[in-house]
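The values are calculated or read from the model by the stated rules, or taken from the named source; none is laboratory data. Quick caveat, the model's predicted, so the values are computed rather than measured. Cβ coordinates were reconstructed from backbone atoms using ideal geometry, including for glycine residues, and neighbour counts include every protein chain displayed. These accessible areas exclude ligands, DNA and RNA; they are computed on the full protein's heavy atoms, side chains included. Shrake-Rupley method; radii C 1.70, N 1.55, O 1.52, S 1.80 Å.
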Amino acid sequence: MDERVMGRSGQRASVVGLGTWQLGADWGEVDDKEALSVLEAAAESGVTFFDTADVYGDGRSESTIAAFLSGRPDLHVLVGTKMGRRVEQIPENYVLDNFRAWNDRSRRNLGVDRLDLVQLHCPPTPVYSSGEVFDALDTLVAEERIAAYGVSVETCAEALTAIARPNVASVQIILNPFRMKPLYGVLPAAREAGVGIIARVPLASGLLSGKYTKDTVFAADDHRTYNRHGEAFDQGETFSGVDYAAGVEAAAEFAALAPEGWTPAQLALRWIIEQPGVTTVIPGARTPEQARANAAAAKLPPVPEETFTAIRDLYERRIKDQVEQRW
């Protein structure tokens with residue numbers, strides 16, 4: 001699979017990575033054997049970037065990745081984790097002593113001395129403007145606790161603030177055919193600054209797979225049930241902030257745009273891969289078959305121009321007014 005440089009870090013990541021939130025069982029229960037099978041399928045398909053966080057399953061996702069990689073010393077996988085969501089979300093908690101403690105826990109979970117990439121995990125907005133925060137992150141690099149750092153953001157404004165910081169390697173942001181706003185300002189700014197872009201929630205929490213109907217019921221412990229209106233964390237993380245019923249209708253129209261032989265999910269992933277400035281896209285997978293199908297999007301031909309136009313039209317008509325003013 002093609003790889004791209006992760007911004008200022010110089011590290012390389014496959015154009016399709018693997019998001020591992022679901023391996024922490026925050027999308028319903030996943031057993032350990034199945035989780036390891038997903039990682040194996042992704043790696044065998046050419047995926048060289050795993051994205052995780054210390055809160056995914058309270059560390060279970062990190063530990064599962066460590067268990068997998070310990071048995072595959074032949075693999076060279078860049079692991080990006082995230083920190084900051086295990087405490088009250090106030091700027092005062094984003095200090096060096098806490099960073100060190102959080103890093104120590106993730107290093108134990110992942111079984112490494114130095115973390116490849118650590119991202120602030122959607123912290124309070126003032127954190128992005130704090131020189132002390134980024135000085136602390138630079139200290140972690142100097143202490144060789146981490147090789148590089150980036151941020152995961154909710155809004156385009158937060159992304160632009162982070163991109164202006166001189167040592168930020170990457171920005172992780174929601175980007176998909178139902179969330180196009182980053183195309184206008186964030187991606188051009190990142191390209192100019194040499195900052196990597198990690199595109200998350202690429203399938204709008206599964207909406208863009210075309211598999212769901214208005215009658216679909218998700219498990220009680222699945223965030224698509226308990227965070228549909230932002231009850232637990234930012235609403236934009238669930239279905240990209242799109243109203244579910246309206247999203248199902250728009251997703252059916254999107255699915256009809258998939259070229260012959262492509263799944264709707266592969267169309268969404270391929271569309272993201274082709275956006276100038278994107279380093280990697282990180283779909284999740286609950287089964288090995290999903291992981292392989294996602295990775296296969298990297299080898300598809302370019303999205304036809306008329307399909308690009310139709311996707312933009314769909315967004316403008318059905319989605320834009322729901323999401324752009326918020327994120």
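Pairs only if they're at least six apart or on different chains, beta carbon under 7 angstrom, first in the range 3-21 and acidic (Asp, Glu), second open to solvent by less than 40 Å² (accessible area, probe 1.4 Å) and not in a loop (DSSP other than H, G, I, E, B); list them, first residue then second. If the second residue must be open to solvent by less than 40 Å² (accessible area, probe 1.4 Å) and not in a loop (DSSP other than H, G, I, E, B), the pairs left are GLU3/ALA13; GLU3/SER14. Residue count for the range 203-225 under the criterion of being out of contact with any Ser or Thr (no Cβ under 8 Å at 6 or more places or on another chain) and basic (Lys, Arg): the result is 2. The range 222-316 holds helices (runs of 4 or more DSSP H) entirely within its bounds, and those carrying 3 or more residues that are modelled with pLDDT of 95 or more and closer than 28 Å to SER170 by Cα map to 264-273, 288-296, 305-314. Considering the range 80-105 alone, what residues qualify as being in contact with a helix residue (DSSP H, G or I) (Cβ under 6 Å, 6 or more places away or on another chain) and within 27 Å of ASP32 (Cα to Cα)? The answer is THR81, MET83, VAL87. In the set ARG191, ARG200, ARG179, only one residue is modelled with pLDDT of 95 or more, of a type in the set (D, E, K, R) and surrounded by fewer than 20 Cβ atoms within 10 Å (Cβ to Cβ); that residue is ARG191. Using the structure shown, decide if ARG85 is at pLDDT 95 or above, open to solvent by 50 Å² or more (accessible area, probe 1.4 Å) and under 24 Å from THR280 (Cα atoms). Yes.
Annotation note: Cβ proximity below 7 Å between a residue of the range 88-115 that is assigned to a loop (DSSP other than H, G, I, E, B) and a residue that is open to solvent by 50 Å² or more (accessible area, probe 1.4 Å) (sequence gap 6+ or interchain) occurs for GLY111/SER70; ASP113/ARG107; ARG114/GLU144.
Within the set of pairs 6+ apart or on separate chains, which have a first residue in the range 56-73 that is closer than 28 Å to VAL87 by Cα, a second that is outside any helix (DSSP H, G or I) and open to solvent by 50 Å² or more (accessible area, probe 1.4 Å), and C-beta atoms under 7 Å apart? These pairs meet every condition: ALA66/GLY111.
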